[in-house]
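Okay, so here's the structure we're looking at.
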Protein chains: 4
Amino acid sequence: MKIIRDPLWKNISIADELFEACKTKAFIRLQNIRQLGPTFLTYPGATHTRAAHSLGVYHVAMKLLDSLCKKGADTFITESGKKSFFAAALFHDIGHFPYTHSLKELSLEEHETLSARSVLTPELSGIIYNYGAEPEQVAAIIDHNLHSDSETMFYRKLLSGVLDPDKLDYLNRDAFYCGVPYGIQDTDRILQSTIPDKNNGIKILPEDMLNVENILFSKYMMYKAVYWHKNVRIATALMKKALHSAITKKILFPEELYQLDDYSVFSLLHSRNKFDEYKCVLSVENNQLYKTVFEIPFDETNTLHLKLENLDYRSEYEKELSQKLKLENCDLLIDVPERISFESSLLIPGSTVFSSKTVQDFTINLRKIRIAVKPEYSEAIMSSNILIEKSDLM
Amino acid sequence: MKIIRDPLWKNISIADELFEACKTKAFIRLQNIRQLGPTFLTYPGATHTRAAHSLGVYHVAMKLLDSLCKKGADTFITESGKKSFFAAALFHDIGHFPYTHSLKELSLEEHETLSARSVLTPELSGIIYNYGAEPEQVAAIIDHNLHSDSETMFYRKLLSGVLDPDKLDYLNRDAFYCGVPYGIQDTDRILQSTIPDKNNGIKILPEDMLNVENILFSKYMMYKAVYWHKNVRIATALMKKALHSAITKKILFPEELYQLDDYSVFSLLHSRNKFDEYKCVLSVENNQLYKTVFEIPFDETNTLHLKLENLDYRSEYEKELSQKLKLENCDLLIDVPERISFESSLLIPGSTVFSSKTVQDFTINLRKIRIAVKPEYSEAIMSSNILIEKSDLM
Amino acid sequence: MKIIRDPLWKNISIADELFEACKTKAFIRLQNIRQLGPTFLTYPGATHTRAAHSLGVYHVAMKLLDSLCKKGADTFITESGKKSFFAAALFHDIGHFPYTHSLKELSLEEHETLSARSVLTPELSGIIYNYGAEPEQVAAIIDHNLHSDSETMFYRKLLSGVLDPDKLDYLNRDAFYCGVPYGIQDTDRILQSTIPDKNNGIKILPEDMLNVENILFSKYMMYKAVYWHKNVRIATALMKKALHSAITKKILFPEELYQLDDYSVFSLLHSRNKFDEYKCVLSVENNQLYKTVFEIPFDETNTLHLKLENLDYRSEYEKELSQKLKLENCDLLIDVPERISFESSLLIPGSTVFSSKTVQDFTINLRKIRIAVKPEYSEAIMSSNILIEKSDLM
Amino acid sequence: MKIIRDPLWKNISIADELFEACKTKAFIRLQNIRQLGPTFLTYPGATHTRAAHSLGVYHVAMKLLDSLCKKGADTFITESGKKSFFAAALFHDIGHFPYTHSLKELSLEEHETLSARSVLTPELSGIIYNYGAEPEQVAAIIDHNLHSDSETMFYRKLLSGVLDPDKLDYLNRDAFYCGVPYGIQDTDRILQSTIPDKNNGIKILPEDMLNVENILFSKYMMYKAVYWHKNVRIATALMKKALHSAITKKILFPEELYQLDDYSVFSLLHSRNKFDEYKCVLSVENNQLYKTVFEIPFDETNTLHLKLENLDYRSEYEKELSQKLKLENCDLLIDVPERISFESSLLIPGSTVFSSKTVQDFTINLRKIRIAVKPEYSEAIMSSNILIEKSDLM
């Protein structure tokens, strides 16, 4: 047994056999991928990595399943299944690459698919096997497209549900490293009080609703203050614009992204810098983020807003708009935040103070369309009022 | 300048002249009044006192006004007014007596009135005067029935508003001492970012709404987990029942309560033990709380529920019910939580995800009518189903 | 299983049967005894009780023994012995009375003896028996004068050793509630890494020395900043002076002290106030502590210093000195801190940076003889230089 | 005024003009240099950067000087001097490059010299000037070789003394990010209680000694648990061995190192990989650290130990030893920790429990000579006993 220190959970115990995985290239890559990408430009403390998060999820998953076993889960799970679940927790993000979540609009592979594939490589599957778990099951817990039996289904529901180890780690950890008090969950209590449910992972008792409400509200707060902080949105949109353009122009192929980390993504782009939007990459690398010149809440009834959700349409619109503003296309961007669910579907009506309506309001309150331009042009554009007059967005 | 250690705010600086007040009998009494009354029976860590809370409010008030002064408040406030505000923060609860908040239904004096009166006693007013503040102004900041000028009005609004030093201390402190993560506020940031408003105390900018929402949600969580925890409600209801009976029977006079602390309230009751409900006092003192046998959400459309809000009606109803159940009146109690506002009136529609409706839902979700009986009778009554059959409450 | 919240350890699990003990009069008394006595006059946050500490020691003891069992202790301990150990942790202070530690110089019973006696009362022994532990063994783990077998010896050594649950709770808890950073221990790590030793409780590996050194240094810091803070010493010395006088004059009998709490000790003294030193009691109750007029490090080579360690000699010396200074005897006191060991005997020479000499230096640095007088006389005496001239103390 | 979030100090206020510096290439480089180099391989949370540390030192320096000004320092310092001090705090590490501290044995430039030089570049000096500080003075505060007047001397002593902003940030921050409780300082109290001394920076009052002792002991604990953790020492020694060899063989020039960050140092070495010790670089990058096969406390009376402190001698000795052991030179290394002072010279004898002897013991206890080899060879060598027989080291 090896004990690893962690600022959040203090001491993480891990079996020697599984600890071997932490010295593989696949895992070392996660040590060079920051959990929150370019957020550290705004929150300088937020340098925590996917590796630290993965260890944290593993730790919470251990505590959770140990607690469920004391309450009856031991009657329907196997010893190797248990270990597969722990390994799945540790490797659930092993396929992550920089900006994974924000590049979903480019037609890349799902990171769960990549994680499952990585789990099945000889190196990792050998380690998993030595540890006493089943590589195939580990992969199937992570990637919901793979075939699964009922025990595997149980683990899937534990690993991504309302109160899951992933959320319990990331909300706590992201808040901790950013230095904000919004994401703190009553983790220990949740882990001690949760009841197993063979078909649904965990059963949410009426007295657990407090914790579900807290997680929901924390997510809203973290989106508002951190995940969708204006600067984070813009840095991400800049990278997306550059990568979308490079892929469209066949300067870059999606497969090339999958093995990168936060630094090699820049090195690669430096070596393929013959396209206009490469400038966007430099503006992120040098922390010269574009400035917002126009901002409006996303409006479900506005046809233009709905069309702008499509990345190709958005690119065309950016081109037109930059021409009107006499800017180069690479000096302007439009950001449209993704639709996020907040899992309101998981709430049981009547049992909580948060109606579906309230949870929808969270999303509405958060989603804002922004137009941003290179810093040196922002003042002129703001004072010209030209954007305000463009009534089609309003 | 004297520095006082505090587990929450770490170091509280206080002028030597004002620190003298901490050695008066009035303040020492606060050291023997637990901030959360009988909550320590359920949360053994919650032994923090009104004295520690008062010092905390003083500390936050200092930080708040210092920050507002850097942003223009110094143009419309006076030096002595400032000190009056700090003293008002320190003495705002000096008139508190045990169970103040829960005894509101008995016709006692408001604790603000008592605090203001205490401030004007020779001992405290002398100290306040030496410190450089105006005793009359200090009293008027605390007691809104007293005459006030516009500067005093400004301080009143600072001391009790949406983001006020009282709430910022008690939500944080109560959570801290109970060991729950729900009440934590982004205090430092709130204090640094708040803008003064001569007429309204502070101006709530759109970007401050996050903090207002957090305070609202924290209050809801703290009510659910702590302030209105079942055991806390019942312990309080037991004391209320005993005191109401003693006052009605002229065994005790309200004025006798005002100078008590957590221990002398019991001593006094021990010496006036010739009434049936005295048993309720012993059940609290010995941590033998009554057990809930019936619980139903308060329903605004139920006439009986509305009538039960009246303490005298409730007492009569308790008597009847105990007869039906063949119990002594003192062995049964009905608890009806007070109406609480959550200050939804202070929310600016459109600027927040919390609609008035959501905030009302908080209250509805929290208010529950409970019937409780002496522990030894609870099982028999629960199994008899006699209460479930009483359809008038349902 | 019941879960109790605790600000320090967050969630403490306790068997329902054992939890019953928390509702006995014996335990409720601990809820009214502050862990650090009059320290709250100086550190207003320090209102934590012997009850909260007892629960904490129980929690740490559980974690410790569970961890030792995973490393082989399960081969030589019994199930009922384990429960006896947990009960002993919970009840180790059940015989505590106010100022227990500081009244050691009066010939009172040891609090361990009182705790053991309390454990054997019908009420507690019944609960212990229902829980599955042996009352006699529980008593013997606490009171080293009782007969013990080798398993009981093992528990004794666990409960009071270099890295014991008592110290791990009180250093952490006292620091936490006072708001100082000095007492924090690496508890989780210590509990996870400690190795069982059948004869000595735990084995201290070379890599554990870091934690032993940290505990030693923390104790030194906590003595300096908190336990022996000037005001704490003086408040305690005032109570000791009053109680010593009352007992000597047969106004009070030691047995009367054993069942008291922080409040009833004052009530009792109020009802027996016909002795001069009663004034000392009031000065503590009203936070009008005597002021230090003379302070000198305790000197092992000074005959007078050595004599002053004897309480009776000290009382005589106080009388003489007060006459010389034209004060009433009750207006002056001399404080001589007890000898403390810092368990330097437990250190293995060569294995630590702290030589016996360094550890002795801790004690020397901390022990200071002080003369204090009623606040109104301190200035006159200080300016008169009369004490400085008294060369026999220097 | 800009407010930056920080997990350690929560909210750092910085003037807009000075904040511009955070967007320069020089500062962005610090965002890619981990404060503790390869420590994150052992403590995965320790990914905090020189940039975050620099902002922290700036914050503590502000608090410190503001507090000193309230206690009289404002009478002998100028407004521009004050700003120069703040800028010096922010830029004191701007010349840092990867492994700066551990490469001191190679004859590279001091990082203070490089920092001062960076401060005087047009970009940074322009920002400093706009902010209202003097670039020359900023440089002179950082680099003690530059000319200084008495005010600058005062700032130098503030910035590197017994209780300086650098130590107060790094001990707290390193402990926080590693997840260990050893480095926590009573920062707020230190900052509030410290007294200015025109000639010596700050005056250490007897009651401050507690804090000095705490810093000393914390440093010892942090060295033992983190800074000189076996794995950290070996990772660092591997890089040192590779760089020393590359520089000796003129494959690399010292000047090339100065502008690197944690990632470009590896890129550069990948492009200059034609030397045997390049393998050492890969073992660090891939977390395949060499394993210790021999360890002995450094002995001041052992001539061989003394000779091994010299890097060139050590390299020769490594070569010989690897031949004897039939290993390639690049598969073995000897680590000899540097001499560290613990500033015992700053202690005033008699005022502290830490004698010079004790402080020397700290160093002796920490310094261990280690021989380590590639993981695959460690077992064979350990079992062969060949090293134990080499009596010259023992």
Practice item. Please state which one of D:Asp93, D:Asp16, D:Asp74 is among the acidic types (Asp, Glu) and under 30 Å from D:Leu289 (Cβ atoms). Key: D:Asp93
Review point. What about A:Ala139, is it in a helix (DSSP H, G or I) and within 14 Å of chain D (Cβ to nearest Cβ)?
Key: no
**Study point:** Residue that is under 16 Å from C:Gly45 (Cα atoms) and of a type in the set (A, V, I, L, M), where the choices are B:Leu36, B:Leu64, B:Leu41
**Key:** B:Leu36
**Study point:** Unique match (being within 14 Å of chain D (Cβ to nearest Cβ), of a type outside the set (A, V, I, L, M) and outside any loop (DSSP other than H, G, I, E, B)) among A:Tyr155, A:Tyr177
**Key:** A:Tyr177
Practice item. Look through D:Tyr263, D:Tyr290 and report the one residue that is within 14 Å of chain A (Cβ to nearest Cβ) and in contact with a Phe, Trp or Tyr (Cβ under 6 Å, 6 or more places away or on another chain). Key: D:Tyr263
Check your understanding: For the range A:1-10, which residues satisfy the criterion of being closer than 15 Å to A:Met62 by Cβ, at the interface with chain D (Cβ under 8 Å from one of its Cβ atoms) and without any contact (Cβ under 8 Å) to a residue 12 or more places away in the chain?
Key -> A:Lys10
Check your understanding: Out of all the residues in the range D:266-281, which are of a type outside the set (Gly, Ala, Ser) and within 11 Å of chain A (Cβ to nearest Cβ)?
Key -> D:Phe266, D:His270
Exercise for review: Could you identify the single residue in D:Ala46, D:Ala73 that is in contact with a strand residue (DSSP E or B) (Cβ under 9 Å, 6 or more places away or on another chain) and within 30 Å of A:Cys22 (Cα to Cα)?
Suggested key: D:Ala46
**Study point:** Complete set of residues in the range D:196-247 that are over 28 Å from D:Lys104 (Cα atoms) and among the aliphatic types (A, V, I, L, M)
**Key:** D:Ile202, D:Ile204, D:Leu205, D:Met209, D:Leu210
Exercise for review: Taking C:Ala235 as the residue in question, decide whether it is more than 14 Å from chain B (Cβ to nearest Cβ) and within 28 Å of C:Thr292 (Cβ to Cβ).
Suggested key: no
Point to revise | Subset of the range B:190-228 [within 14 Å of chain A (Cβ to nearest Cβ), more than 17 Å from the chain's Cα centre (by Cα) and small (Gly, Ala, Ser)] | key: B:Ser193
Check your understanding: D:Val162 passes all but one of (1) touching a helix residue (DSSP H, G or I) at 6+ places or on another chain (Cβ under 6 Å); (2) of a type in the set (Val, Ile, Thr); (3) over 22 Å from D:Tyr58 (Cβ atoms); which number fails?
Key -> (3)
Point to revise | Among (1) of a type in the set (Ser, Thr, Tyr); (2) more than 13 Å from chain C (Cβ to nearest Cβ); (3) under 24 Å from B:Met222 (Cα atoms), the one test that B:Thr78 misses | key: (3)
Review point. Is the range A:115-126 home to any residue that is touching a Phe, Trp or Tyr at 6+ places or on another chain (Cβ under 7 Å) and free of Cβ contacts under 8 Å to residues at least 60 places away in the same chain?
Key: yes
Revision key, fill the gap. Filter the range A:24-56 for residues that are among the β-branched types (Val, Ile, Thr) and over 29 Å from D:Ile12 (Cβ atoms); the one that is nearest to the other protein chains (Cβ to nearest Cβ) is A:Ile28
Study note, to complete from the structure: Scanning the range A:54-111 for residues that are touching a helix residue (DSSP H, G or I) at 6+ places or on another chain (Cβ under 8 Å), basic (Lys, Arg) and over 17 Å from A:Lys198 (Cβ atoms), the one surrounded by the most Cβ atoms within 10 Å (Cβ to Cβ) turns out to be A:Lys83
Review point. With C:Lys240, C:Lys167 as the choices, which residue is away from chain B (no Cβ under 14 Å), closer than 25 Å to C:Ser80 by Cα and either over 16 Å from the mean Cα position of the chain (by Cα) or in a helix (DSSP H, G or I) (or both)?
Key: C:Lys167
Exercise for review: Report those helices (runs of 4 or more DSSP H) wholly inside the range C:328-394 carrying at least 3 residues which are at pLDDT 90 or above and farther than 13 Å from C:Phe294 by Cβ.
Suggested key: C:375-384
Check your understanding: Can you spot a residue in the range C:165-176 that is touching a strand residue (DSSP E or B) at 6+ places or on another chain (Cβ under 9 Å) and farther than 27 Å from C:Leu114 by Cα?
Key -> no
Review point. In the range C:195-215, is there at least one residue being surrounded by fewer than 22 Cβ atoms within 10 Å (Cβ to Cβ), in contact (Cβ under 8 Å) with a residue 12 or more places away in the chain and of a type in the set (Gly, Ala, Ser)?
Key: no
Review point. With C:Ser107, C:Ser67, C:Ser80 as the choices, which residue is of a type outside the set (A, V, I, L, M, F, W, C), part of a loop (DSSP other than H, G, I, E, B), out of contact with any Phe, Trp or Tyr (no Cβ under 7 Å at 6 or more places or on another chain) and over 28 Å from B:Ile33 (Cβ atoms)?
Key: C:Ser107
Check your understanding: Failed condition for D:Ala15, given (1) more than 14 Å from chain A (Cβ to nearest Cβ); (2) within 21 Å of the chain's Cα centre (by Cα), with all others met?
Key -> (2)
Exercise for review: Select from the range C:83-98 the residues that are part of a loop (DSSP other than H, G, I, E, B) and in contact with a strand residue (DSSP E or B) (Cβ under 9 Å, 6 or more places away or on another chain) and list them in ascending order.
Suggested key: C:Pro98
**Study point:** Condition check for C:Ala21: within 11 Å of chain B (Cβ to nearest Cβ) and either surrounded by 21 or more Cβ atoms within 10 Å (Cβ to Cβ) or of a type in the set (A, V, I, L, M) (or both)
**Key:** no
Exercise for review: State which residue is nearest to the chain's Cα centre (by Cα) when the search covers only the range A:295-313 and only residues that are of a type outside the set (Asp, Glu) and within 23 Å of A:Thr39 (Cβ to Cβ).
Suggested key: A:Leu311
**Study point:** Residue that is surrounded by the most Cβ atoms within 10 Å (Cβ to Cβ), among those in the range D:260-298 that are in contact (Cβ under 8 Å) with a residue 12 or more places away in the chain, polar (S, T, N, Q) and part of a loop (DSSP other than H, G, I, E, B)
**Key:** D:Asn287
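The values are calculated or read from the model by the stated rules, or taken from the named source; none is laboratory data. Quick caveat: nothing in here was measured; it's all calculated off a predicted structure. When we count neighbours, we look across all protein chains shown, and the Cβ atoms used for this are built from the backbone with ideal geometry, even at glycine.
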